[in-house]
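These notes are about the structure you will find just below.
Throughout, read-outs are computed from the coordinates displayed, never taken from laboratory work. The shown structure was predicted, so the numbers you read here are calculated from the model rather than taken from an experiment. For neighbour counting, all protein chains shown are included, and Cβ atoms are generated from backbone atoms with ideal geometry for every residue, glycine included.
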């Protein structure tokens, strides 16, 4: 049995990961629940003290996220997400400094409290609490998305098509338990059982519709936060202007300073909406599109196998679902 667990303290690079763990306020011996992918995985209720699971290339991020990538490769760091945020920070705050501004003037606790606190509060009101509590998990997913190898999925389907072509659909039955992709395993199982293509497609459509609904709801949280945040900024600005006008009899220099401070709330509201919340929502939607494409390829491939089509025809049909550039690459 290949289910070997290694203590994180013995892994190379542990010292590098420790600041990350401390940032997330995760104790060194925190217990995590693992979800089983199959017979070689830890039991669903297994609790271990911050361990690395080598089989299926588990990483520390998989452990922290408490999820598995059954249908795609384990999540790897998405450089574009963090790089985009850092570039946005550099462009916005850098230009402010180049104009002679001081960074300390932008970090006003009252304004930031209204924007961040108000956005979180409105999100809690507008979303189920269990979904709201998953926001950190979704943030991690945006930074460490699962990688779906579309070409790898096509190659796998073509291999099963070759096997079925030689020995019939029943030749696939013995290898169903070894298929890691649960969706492919389910669809092939239905085909082997003699389910009609119409029923297979109907079942697949129902499952994909459920996945789409859940994923859009997850991304919708950040879309809503992107709408709430500027509004909270306006509220903060209005409150600041009220306080400024209430002290209108004071020195003109002080009055101008209060007016400038009042607009800090609007800055943070618009900044968070357009550089963080809305882009993360779009990132989650793009991950969903990639996963949905992988699922659609599986469905079309299984139906082609069931119809007895040749492996070459199946490969051509599945690659035709990809963008033109990838189709040209496959032909070469």
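General remarks:
- With q set to 0.17 Å⁻¹, the log10 of I(q)/I(0) for the range 232-332, from the Debye formula over equal scatterers at the Cα positions, is -0.86.
- Calculated FRET value between residue 310 and residue 201, using beta carbons and R₀ = 22 Å, to 0.05: 0.60
- Peptides 259-267, 301-309 ranked from most to least packed, by the mean per-residue count of other Cβ atoms within 10 Å: 301-309, 259-267.
- Label-to-label distance, nm, for residues given as residue 113 and residue 217 (7 Å Cα→Cβ offset): 3.5
- Each peptide in 87-94, 268-275 gets a packing score, the mean of other Cβ atoms within 10 Å over its residues, and the list from highest to lowest is 268-275, 87-94.
- Equivalent ellipsoid, the range 176-262 (semi-axes from 5 times Cα gyration tensor eigenvalues, Å): 63, 12, 6
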